[in-house]
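Q: Structure provided below as C-alpha cells; questions to follow.
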Ligand SMILES: NC(=O)c1ccc[n+]([C@@H]2O[C@H](COP(=O)([O-])OP(=O)(O)OC[C@H]3O[C@@H](n4cnc5c(N)ncnc54)[C@H](OP(=O)(O)O)[C@@H]3O)[C@@H](O)[C@H]2O)c1
C-alpha cells in the first residue's frame, strides 16, 4: 500500500518562503492604520475552518462577508451578509464590490481560483489562499516553503481525488501568485487541521478512543513524531496575515520533532482522566490493519505515519517561517481538551460512529492477532 501524507490529508477534506525575520509586508498598506477595521470576504466560511476564521475576524472588530452556495451550515451566521454563488462559473454576485482582503478557503480547482482571483484582484488589496502541505512532491525529506511541489500531467483535470488533490492545490497557488501578484498574496499550507468542529474525526479519534479505556492499539513506537495545527491557531494566523499584511508562502504546523505518539497517549490519558492499557504494534502490522479497517475514510491510525520501511513518511514540516511571522502554536494538550469539550456537546447520532479509527470489535481482533504472533 502506498501511503503518503498527501493522500491522507486529502482524505480529510475531502513560492517563495519568507525568511523568518523579514517577511514582506504589502507596500500599499503600510500607511494604513494597523487598527483600522477591515472588510474581509471569505470564499467559503461555513465548513470547519471557515467559522473559526469568521469568529476571529469578528472578535478583532473586522467586518466579514461570506460567499458560498448556501448549502453547508446555512444557519451558522445569520447576521452576516452571505453572497450566494458557485465558484464554478457563478461568481456574478462578487462583481462591483470592494473588500480590503479575501480569504480563499474553498479553492481546489485551478480554474475556479484563477476566476475568483482575476475577478477580485482589482477590488481587494490582499488575497489569502488556504492551500495544504499535500502540495509537496515527496514526503521523504523535511519540507519547507521551498521544497519541490507535486505536478500533474494533465493540468486541465478538475476532478479532486486523493491522487490529484495536492498537485491541483499547487496549481491553485500558482494561479493566485500569477493573477494577484506575490506582493499582494499569501499562501498558507497547513498540515492536519485539528480542534473543535473537525468533521473528519482524525485527530479526535485518539482522545475519544482513550476515553473508553481498556486495551488500546497504538501504531509504531512512542517516539514517532506527529504534527498537526490547531484550527484556532491557524485561524489566528490567517487573520494576522490579513491584518498585518503579511505576504508570501507559509507552512503551518506544530514545531518539527516537537510532539510524538507517546506524548499523544500521555495527553489523551491526562485530559480524559483515563488510563488505557497501550499495546504498540509495528509499522507493517499497523499499515495492514489500517488498510483492512472497516472504517475506510481515514485509516485505523489517523494522523500517524510509518517512520520506517518502504511506506515511511519521515518528513518533518518546518514551519519556522510562520512562527517568525507571528504564528503561535498552543500546547497540543489544550487542543485535546477543547476537542473533548466540543465532542461531548454533540448529539449521539454524530458521536456513535467515528469517521476515523476503528470499531471496538476490529481493535479487539487486531490485539488478539498481534498478541498471538508476538507472545
Ligand atoms: N481539514 C484539514 O485538515 C485541512 C488540511 C489542509 C488544508 N485544508 C484546506 O482547508 C480548506 C477547507 O476548509 P473547510 O472545509 O473547513 O472550509 P470552510 O470555508 O469552512 O468550508 C467550505 C466552504 O466552501 C463553500 N463551498 C464549497 N464548494 C463551493 C462552491 N463550489 N462554490 C462556492 N462555495 C463553495 C461551502 O459552502 P456551500 O457548501 O454552502 O457552498 C463552505 O462554506 C480547503 O482549502 C482545504 O484544502 C484542510
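Every read-out reported here was derived from the displayed coordinates using simple, explicitly stated rules and does not represent laboratory data. Not measured: the values here are computed from a predicted model. Methodologically, a virtual Cβ is constructed for each residue, glycine included, from the backbone with ideal geometry; neighbour enumeration extends over all protein chains shown.
Q: Could you give the nm distance between label points at residue 69 and residue 161, where each point is 7 Å from its Cα heading toward the beta carbon?
A: 2.0 nm
Q: What full-extension length gain, to one decimal in nm, is calculated for residue 36 and residue 372 as 0.36 nm per residue of separation minus the Cα-Cα distance?
A: Details: separation 336, 0.36 × 336 = 120.96 nm, distance 6.54 nm.
Separation in residues times 0.36 nm, less the Cα-Cα distance, equals 114.4 nm.
Q: Here's something else I'd like to know. Report the label-to-label distance for residue 349 and residue 60 in nanometres (one decimal), using points 7 Å from each Cα along the Cα→Cβ vector.
A: The two pseudo-label positions are separated by 3.8 nm.
Q: What value does region 122-251 have for Rg/Rh, both radii from Cα atoms and Rh as Kirkwood defines it?
A: Values: Rg = 17.5 Å, Rh = 16.9 Å.
Rg/Rh for region 122-251 comes to 1.03.
Q: Across the Cα atoms of the chain, what radius of gyration and what greatest pairwise Cα-Cα distance (Dmax) are found, in Å?
A: Rg then Dmax for the chain, in Å: 20.8, 71.
Q: What FRET efficiency would be calculated for the residue pair residue 119, residue 140, taking the C-beta separation as r and a Förster radius of 41 Å, to the nearest 0.05? The partial results should precede the final answer.
A: Working: r = 39 Å, r/R0 = 0.95.
Between residue 119 and residue 140 the formula returns 0.60.
Q: Run the quick spin-label model on residue 81 and residue 296: label points 7 Å from Cα toward the beta carbon, then report their separation in nm to one decimal.
A: Here the modelled spin labels are 4.4 nm apart.
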